[in-house]
Every structure is written in structure tokens, then in C-alpha cells.
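The next block holds one structure in the form of C-alpha cells; read it before the comments.
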Amino acid sequence: MNIRRVFGKFNQERIVFTLAVILFVIFSMTLNRFLTADNIVALLRSVAVLGVLGLAMVVVVLGRGIDLSLVANMAISVAWAIQLVNTGTSVGVAMTLGLAFAFGMSLVTGILVAYAEIPSLFATLAMATFIYGFGRAHLITGTDVVYLPHNIGWIAGIGQGSFVNIPMPIIVAAVATLIAFLFLRFTKRGRFIYAMGDNFAAARIAGIAVRPMLVFQYVLAGCIAYLAGIITATSVEAMNTRIVNSNMIYDVILVVVLGGVGLSGGKGGVRNVIVGTLLIGILLNGMTIMDIQYTVQNVIKSLILLLAIVIDSIVNPRDEQTGQQGDI
Amino acid sequence: MRKSRFIPFIFGALMASFLGTAAASADDMNDPYRQPALDALKGKTIAYLPISVGFDMAEAWGGVTKLGADRYGMKFTVQDPNWSTDAMAQAFTSLIAEHPDVIVTQNPDLQSLARLLKQANAAGIYVIQVNMQGAVQTDAFVGPDFIAMGEQEANLMIKACGKDSGKSGKISIVQGVLTGGVSYYQVQGIMSVLKDHPEIQVVSSQAADWDASKARAITETVLQQNPDLCGVIDVWDGQGIGTGAAIKQAGKQGQVYFVTSGGGAQSQCDALADGTFSAAINYNAEGMGRDIFTAISALLQAKQAPGTLKFQIYSPSRIMTKDDVKAGTCWDPAQYAKLLR
């Protein structure tokens, strides 16, 4: 078919990248002050946290899993760390304890998925509810927004500082992206993740320690989510645990899926997350400049996602190989 | 018999009757109105159902009401729907079935609970609406007069950004939930004043859903688009923290005049002191808690059928700036959070 031949090279990642470029051009021409350095920086800054969470999600998705507990883990662990600082614990100890909480919870998630063999969708859904409930009942017992104290020290710079006029969140996100890319592409463990996602049984027979690797994926995702939480909390000067109830986790899945990482595992990489994040960032920034209400913005986001997936299924229809694996 | 023999008896009888009347009138010196009032309150049940127990004002309202309830031997129950309107409607329905004497609630928006509020009154339960008014009037509403507050905020903006200030006249409004009473009525008040002042231009009026991160993202973009922005009004200081953070990080603190409003928790004083807020309207959530209990006490003593007496109790508010912040000006929500656990 003609379309296939002409656009055969267009996988979802390229489609989304083209869409992003088209939107960028349209906005630059029609919206006032879109194409200024300040606006581009604001655009990148607003999606820096989403990008870091996307990295956490992609580590798990590549191994044919999904982690719905990222936002809960991030919110509760960071809110608890800040609360400890507020009640007198030293900053270093409090931050370490927060990281240990995120580590511990994601360890439990990993064990549930790897050793108890509960499908990751259900295990992480349950863990998200557990983390949020446990956190709000026993750890964050005051208001659900924990304010950043003024004496928190240099950590506040992660959200509020800047380096050569670029805000720190963007730099932290860029460094995290680079490290994730190098890890997935060039280390043994990274290749193992791809192998497990592509064909789990074959990976096990080939001698990869699949269960410890599964646990490792979730722990790594949890720790990256903690970093994203630190960026959020220091940017807004508060950690709002209510984000667990919001659609944020679906925005993270959106960024990953939009960029072309197949939920069936083994396909994709960090570049897909970057492309997905860019499209969402351009879209959100443009819509805010056009003064479109947040509720309408959600509708437009979902329409763009549907558009990208529909184009992808026309241009790259399911065949024997991809059809077998399913989506989750 | 000699008469003098009876004198001690007569004297004794006179003394006894004198003491008796003295004792009887000592009973009469007790306050006759106190006991009926205490009896009207004792043993009654108050059910508290805010939008969430997780934010500072709700903790103050519930905590202060609970202190009153404990003092007069009343039962006090708390339900926490955690910002979910569905959970709130469900909890309200089950409360109507449980039939407490008073329900103290808060409307997430104008319409969601309207039918249920009417049902509760019809079922014989007093209903007190706090802070966010619904479309239906029940026994009492305790909250600030948000329309007047909006007018105050607009006037502050006109003073800071209007004709005589030499500034650009551009302002931004950060709303909460579009149909939530706090947001909706403040905006009404603001716009009613601004329509007579064409020199003030509202360049953005977006909803931040009571979330500081969204408020931050919105304000950052608005500042980006309008570098000469003169003022920002945020309808609640809980999300105003995010708006203020965006202004600070754009380096515009001091250039942009930022007004918000809230219940006077310690975070408001801290934000005023460090310059995040230029001015804040404090409607004192502790005082609102006291008003709530006063309304409950009055309704229970009046013994009218629920829905007969209907009144609006508007909380007083004051405009605070950095100079008004002293030790003890604001209150600490943690003490009330502990009470409600």
C-alpha cells in the first residue's frame, strides 16, 4: 500500500517528533513571544519533572512491566523527608531516610512482581494505595501539604537555582537523562533489561538472573522518582501529597507511550521519552499562552495521544511478531 | 405551763423557717437559664464533613468545634473524603441515614451537595455550611463574605496598578476550582469593581484546582508572556505559595504586587514575612470555628425544626501586610490536626 511505502520508515517516535516540530512552528508563528529564550526555558522547566518520572517509568516498561506507584512513592517519601527536617532532624539524615523509604517501598514492589509473580499492573496499583494510605495515616499526620523550611540549605537550589542562566531542574533532568541513556545502552544490566522485555523466558534460559533484575528495575525507578520529587518540592517550596490523587501518573504513562516505547517491552529507549516529553511540553506551554483552561487542556492532550496511536497503527500495523505480545 | 417554755421552740421554729427560706432563695440565686442551655447541648452529635481534613483551615474549624463539643458533653465525629466529591456525597448520604443532630459541611462547588443539603434539613438534621456556600441555604452559613473580599482585592490592585501608580495596569487572577464558592464569588467581586476601571487589564484568569504546582506553572507562563505584569490575585493562599514561588523565581518579587487570602495559618505569616505575599486577607479560621460552635449552640437551644431559622454569619477579615506579622498573629494547624486524629 502506498502509504506504507512512503511512510514506512515512520515509526511512532518519528511521527510524534514531526508533530512536535509542526506544533512548534505553528506556535512560533501565531503566538506572541513563544519563540523567546525565556519561554523555551519555561517550557522545558515545566516538563523537567515529568521527564525524570518518564525515565523512571521507561526503565520498568522496557522490562515489560509498569509502575503505577511512582507518584505515590515520590510524594510520600519526599513529604516525609521535609517533615523530618521541619521537626528538627538534620537535612542530610532526613533526605537519606526519605530515600530509604522510597527504596524500601520499591523493593517490596519489586519482590511482589518478581518473586510473588503478581502482574506488575496490580502489584504497583496496590502498592500505590498502600504507600499513600500508610504515609498519610502514620507519617504525614498534619496537613497534606508539607512546606519547605527556610533552613533546608543547598538542596533548595535543585529546584530554585540556576547554572549559566538555565534553571537547575532542566540541568538535573538532562544529567539524569544522559546517565539513564548510558546505562541502558552501554552497561550489561541495561542490555539485560531489554532482553527481559523482549522475551522473558529466553532471557531466563540464557542465564540472566531475571528475578533480581526485576527487583532492581523497580528499585531504580523508585530512586529516580525520589529525585523527581526533590525537584518538585524545591521548585514549589512545598510537597503536595494530593498529587497522588491526580492524573499525574497517567501523564507519565502518556509521555512514555507517546514517545513510542511499547508497553509490551523491549522496544524503545530514552530518546522516546525525550520526544514524548517535548511534545507534551510544547503543547502545554502553547495552551497556557492561549489561556485555555486546564480541563480543556486534558482533552486536547488525550486527543493528540489518540492521533499519534492511530497514525502509528495505520503506518505500522500489527504483524505476527508484535501481535503476539499484547500490551500489558 | 409557763409561756416562756415555748419561747425556745418558737425561736427554733422561726430560725428553721428563716434558714429554710434562705436556703430556698439560695437555690433561686442559681442561674435559671444555664441548666436548660446545657441540657439542650448535652449528648447531641455533631458530624464534621469538610472537603478534606488535610488542610490547615479545615483542621482549625474542626478542632475548635471539637473543643466546644468536648466541653459540653457532645459527641463529635469526623469524616475525611480527601478532596473527592464522590466520596463526599457518599459520606453525606450515609450521615443522613445515621441522623446526627448537626452536620457541619463544606461545599466543593455550588451544586454537588445541593440536593443532599435539602434532604438533610427535611430529615430533621441541622446543617451548617462552612466557607464555601452551596446553591441552597440551610440553617447557617459561616464564612467570609467572598464577594466583598473580591472587591477589597480589586481595590488593592487599583491602588497598586491603576492610573496613578504609573504601572502597566496588567493583572492576573489565579482561580481555584471554577465553580467553588471561594473562587467563584471572589472573582465576581473582583470583576464588579474592575468593570468600572478600564485601565486595569486582566491578562489571565486560569484555574489552579487549589494546587500550588499548577498555580506556579500558570503564573510562570503569565509572567513570561507579560514581563510588565503589575499584580496577581490568588483566591487562596494554599495555592498562593506556588504563585509566589513563580514570582520569586522570575526575579519579580517587589515588582509584582501579589494579594491572596486565607485562614491565617502560620504559613500565611511566614509567606508575608519573607515577601512571598505582598498582602494577604486573613479571615481567621479559628474565629470561624468559634462561629460554627456558636451557631450550633444557638440552633440547638432554639429548638426550631431544621430549616426554619436560616442565617449567614460572615467572618470578619483583615488585610495584613509584612508589618502586621508578629509572634502569635497566626496559628499552628498541627495542634488541631492532633485533636482531629
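Here are the numbers:
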quantity: Flag for B:GLY68 being at pLDDT 85 or above and loosely packed, with under 15 Cβ neighbours inside 10 Å; calculated: no
quantity: Those residues of the stretch B:211-245 which are in contact (Cβ under 8 Å) with a residue 60 or more places away in the chain, more than 8 Å from chain A (Cβ to nearest Cβ) and more than 10 Å from B:ILE173 (Cβ to Cβ), in sequence order; calculated: B:ASP228, B:LEU229, B:CYS230, B:TRP236, B:GLN239, B:GLY240, B:THR243
quantity: Tabulated pairs, the stretch B:47-58, first under 13 Å from A:THR143 (Cβ atoms), second modelled with pLDDT of 90 or more and aliphatic (A, V, I, L, M), C-beta under 6 angstrom, 6+ apart or interchain; calculated: B:PRO50/B:ALA58; B:ASP56/B:ALA265; B:MET57/B:ALA285
quantity: Flag for B:VAL136 being over 26 Å from B:GLN335 (Cβ atoms), of a type outside the set (Asp, Glu) and either in contact with a Phe, Trp or Tyr (Cβ under 7 Å, 6 or more places away or on another chain) or not in a helix (DSSP H, G or I) (or both); calculated: yes
quantity: Breaking point among (1) crowded, with 21+ Cβ neighbours inside 10 Å; (2) closer than 29 Å to A:VAL145 by Cβ, for B:CYS161; calculated: (2)
quantity: Candidate set from the stretch A:142-171 (those that are in contact with a helix residue (DSSP H, G or I) (Cβ under 8 Å, 6 or more places away or on another chain), in a helix (DSSP H, G or I) and among the hydrophobic types (A, V, I, L, M, F, W, C)); member that is modelled with the lowest pLDDT; calculated: A:ILE152
quantity: Unmet criterion (only one of (1) surrounded by 15 or more Cβ atoms within 10 Å (Cβ to Cβ); (2) within 13 Å of chain B (Cβ to nearest Cβ); (3) small (Gly, Ala, Ser)) for A:ALA176; calculated: (2)
quantity: Out of A:LEU263, A:LEU254, sole residue that is modelled with pLDDT under 90, under 22 Å from A:VAL71 (Cα atoms) and touching a Leu at 6+ places or on another chain (Cβ under 7 Å); calculated: A:LEU254
quantity: Those residues of the stretch B:44-64 which are farther than 24 Å from B:LEU110 by Cβ and not charged (D, E, K, R), in sequence order; calculated: B:THR45, B:ILE46, B:GLY63, B:VAL64
quantity: Matching residues in the stretch A:277-291 - criterion: being among the aliphatic types (A, V, I, L, M) and more than 11 Å from chain B (Cβ to nearest Cβ); calculated: A:LEU278, A:LEU279, A:ILE280, A:ILE282, A:LEU283
quantity: The stretch A:185-243, subset over 23 Å from A:LEU112 (Cβ atoms), out of contact with any strand residue (DSSP E or B) (no Cβ under 8 Å at 6 or more places or on another chain) and not in a helix (DSSP H, G or I), residue nearest to the other protein chains (Cβ to nearest Cβ); calculated: A:THR187
quantity: Residues within the stretch B:246-265 that are more than 11 Å from every other protein chain (Cβ to nearest Cβ) and surrounded by fewer than 19 Cβ atoms within 10 Å (Cβ to Cβ), tallied; calculated: 4
quantity: From A:GLY268, A:GLY276, A:GLY207, residue being at positive phi and crowded, with 21+ Cβ neighbours inside 10 Å; calculated: A:GLY268
quantity: The stretch B:158-183: number of residues that are in contact with a helix residue (DSSP H, G or I) (Cβ under 8 Å, 6 or more places away or on another chain), farther than 18 Å from A:ILE292 by Cα and touching a residue at least 40 places away in the same chain (Cβ under 8 Å); calculated: 8
quantity: Odd one out for B:LEU229, checked against (1) within 30 Å of B:ALA69 (Cα to Cα); (2) crowded, with 22+ Cβ neighbours inside 10 Å; calculated: (1)
quantity: Cβ-Cβ under 9 Å pairs, at least 6 apart or on other chains, the stretch A:119-145 side facing chain B (nearest Cβ under 10 Å), far side among the basic types (Lys, Arg); calculated: A:THR141/B:LYS338; A:THR141/B:ARG341; A:GLY142/B:LYS338; A:ASP144/A:ARG136; A:ASP144/A:ARG242; A:VAL145/A:ARG242
quantity: Strands (runs of 3 or more DSSP E) completely within the stretch B:266-341 that count 1 or more residues being surrounded by 18 or more Cβ atoms within 10 Å (Cβ to Cβ) and of a type in the set (Ser, Thr, Tyr); calculated: B:311-315
quantity: Complete set of residues in the stretch A:244-260 that are within 12 Å of the chain's Cα centre (by Cα), farther than 14 Å from A:ALA72 by Cβ and either free of Cβ contacts under 8 Å to residues at least 60 places away in the same chain or in a loop (DSSP other than H, G, I, E, B) (or both); calculated: A:LEU254, A:VAL257, A:GLY259
quantity: The stretch A:286-298, residues that are crowded, with 22+ Cβ neighbours inside 10 Å and modelled with pLDDT of 85 or more; calculated: A:GLY286
quantity: Residues within the stretch B:60-91 that are assigned to a helix (DSSP H, G or I) and in contact with a strand residue (DSSP E or B) (Cβ under 6 Å, 6 or more places away or on another chain), tallied; calculated: 5
quantity: Failed item, numbered, when A:ILE171 is tested on (1) among the β-branched types (Val, Ile, Thr); (2) more than 15 Å from the chain's Cα centre (by Cα); (3) surrounded by 21 or more Cβ atoms within 10 Å (Cβ to Cβ); (4) under 21 Å from A:VAL78 (Cβ atoms); calculated: (3)
quantity: Residues of the stretch A:299-325 that turn out to be modelled with pLDDT under 70 and loosely packed, with under 11 Cβ neighbours inside 10 Å, as a count; calculated: 6
quantity: The stretch A:113-124 - residue that is crowded, with 17+ Cβ neighbours inside 10 Å and within 21 Å of the chain's Cα centre (by Cα) and, of those, farthest from A:ALA238 (Cα to Cα); calculated: A:VAL113
quantity: Qualifying positions in the stretch A:292-302 - under 13 Å from A:ASP251 (Cα atoms) and not β-branched (Val, Ile, Thr); calculated: A:GLN297, A:ASN298, A:LYS301, A:SER302
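The values are calculated or read from the model by the stated rules, or taken from the named source; none is laboratory data. Keep in mind it's a predicted model, so treat the numbers as computed, not measured. Ideal geometry is used to build each Cβ from the backbone, glycine not excepted, and the neighbour counts take in all protein chains shown.
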